[in-house]
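The next block holds one structure in the form of structure tokens; read it before the comments.
The values are calculated or read from the model by the stated rules, or taken from the named source; none is laboratory data. Note that the structure is predicted; figures quoted are calculated from it, not measured. Reconstructed Cβ throughout: ideal geometry from the backbone, glycine too, with neighbour counts over all protein chains shown. Heads up: the accessible areas ignore ligands, DNA and RNA and are worked out on the full protein's heavy atoms, side chains in. Shrake-Rupley method; radii C 1.70, N 1.55, O 1.52, S 1.80 Å.
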Amino acid sequence: MGAPGAAAPLVLGAGGLLGATLARELVNAFPATIAATRAEIDIEDRFRMEAEIERLRPDVIINCAAFTDVDGCETDPGRAQAVNAEGAENVARAASAAGCRLIHVSTDFVFDGRSQRPYREEDPTGPLSIYGRTKLEGERRVAAAGGEHVILRASWLYGAGRRNFVDAIRERSRAGGILGVVADQKGTPTWVADLAAAIRRIIGVEHRGVLHFANAGLCSRYELAREIVEAVGAAGIRIRPIRTDETGRAAPRPAMSALDTSLYRSLTADSPRHWKDALLDYLGRGGAGAGNA
């Protein structure tokens, strides 16, 4: 069984938004870190993945691989199930067979959004979308595989290298005019660099089961967009609040999906910084760079 402080992590999904940042974060602390893109280890290819894990012999696997296109999951539910549920199970069973720990990255979209406070790990789930349902199914399969595992839920991720809400608003603000942004979805924007640093810390602590991480604070998408526009000094654009049902998006979103990080703080003695501080850091670096040490 992999122990905290493991020296040979394996990052799956290293070509994605979180995976690429995480690989850079971990290699500084663990020089033996192995980063695998989908082309190198495909979590849908169970037998090849098992052979690669047996060959590489990692101490801990961090599964960042997922089909994260929320609307795309609605139009391609088969792929969502194959990656987010069956793929997660493949990784969990391979990790259990190899005797190594698994950190499986999940999402705030497993909740229904009716809570009046940030969600705790033990709160009832109730996903609204195919993305949320397949990610929750993946969580259940990871837990059922029986190995040492952490199911790490995160929220509203943004960062360099892949299209995301923060970069989309920044790019749109350069064009000027009026931009409608939903004001009835609340959560916590989380910079992937801060999440990557949190995962590095989690590797070094004893915990089994679900764990939440997000930057601190709470805002609506509309409030986040206004903060981005102000930070980049885009005077020629006006942000207009709209309702979710005005967007025409395929997948329903939870109205409230902020995560309570009390357990993370207790386990790691680390307090996530406020989302505004992380956002300004990200934008100040031109959308690149690493998170807190």
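Under 13 Å from a label point 7 Å along Cα→Cβ of residue 242: give me every residue in region 153-182 with its amide N that close. Label zone hits: 178-182.
For region 153-230, the Cβ-based charge dipole about the Cα centre amounts to some 220 debye (Lys, Arg positive; Asp, Glu negative; other atoms uncharged).
Dipole of region 153-293 computed with +1 at Lys/Arg Cβ and -1 at Asp/Glu Cβ about the Cα centre; of 183, 203, 165, farthest Cα towards the positive end is 165. Per residue, the average separation of C-alpha pairs within less than 8 Å and at least 6 apart gives the chain a relative contact order of 21 percent. Largest accessible area first, the residues 195, 263 order themselves as 263, 195 under a 1.4 Å probe with ligands, DNA and RNA left out. The mean accessible area for residues of region 98-147, using a 1.4 Å probe and ignoring ligands and nucleic acids, is 40 Å² per residue.
Ligands, DNA and RNA aside, residue 230 has an accessible area near 140 Å² when probed at 1.4 Å. The apolar share of the surface of the chain, taken as the fraction of accessible area on carbon and sulfur atoms (1.4 Å probe, ligands and nucleic acids excluded), comes to 47 percent. Applying both filters, DSSP loop and at most 16 other Cβ atoms within 10 Å, to the trypsin sites (Lys or Arg not before Pro) of region 71-120 gives 114, 120. For region 115-204, the Cβ-based charge dipole about the Cα centre amounts to some 260 debye (Lys, Arg positive; Asp, Glu negative; other atoms uncharged).
For region 139-293, the share of DSSP beta bridges that are antiparallel, to the nearest 5, is 10%.
Multiplying the residue separation of residue 54 and residue 27 by 0.36 nm and removing their Cα-Cα distance gives an extension gain of 7.6 nm. At a probe radius of 1.4 angstrom, the accessible area of region 152-252 per residue rounds to 42 square angstrom. Under a model in which nothing but the beta-carbon of Lys, Arg (+1) and Asp, Glu (-1) is charged, the chain shows a dipole of about 580 debye around its Cα centre.
Where in region 99-196 are there GluC sites (Glu not before Pro) that are in a DSSP coil and have at most 12 other Cβ atoms within 10 angstrom of their Cβ?
Those that pass, being in a loop and sparsely packed, are 122.
Along its three principal directions, the equivalent ellipsoid of the chain from the Cα gyration tensor extends over semi-axes of 31, 21, 18 Å, largest first. Region 141-293 has equivalent-ellipsoid semi-axes of 30, 18, 12 Å, by the square roots of 5 times the alpha carbon gyration tensor eigenvalues, sorted largest first. Return the percentage of antiparallel bridges among DSSP beta bridges fully within the chain, rounded to the nearest 5 %. Around 5 percent of the beta bridges assigned by DSSP in the chain are antiparallel ones. Would you mind checking the tilt of helix 192-203 against the longest principal axis of the Cα atoms of the chain, expressed as 0 to 90 degrees and rounded to 10? So the inclination is approximately 30 degrees. Looking only at region 21-58, which residues have a backbone nitrogen under 11 Å from a spot 7 Å from the Cα of residue 86 in the C-beta direction? Label zone hits: 44-46.
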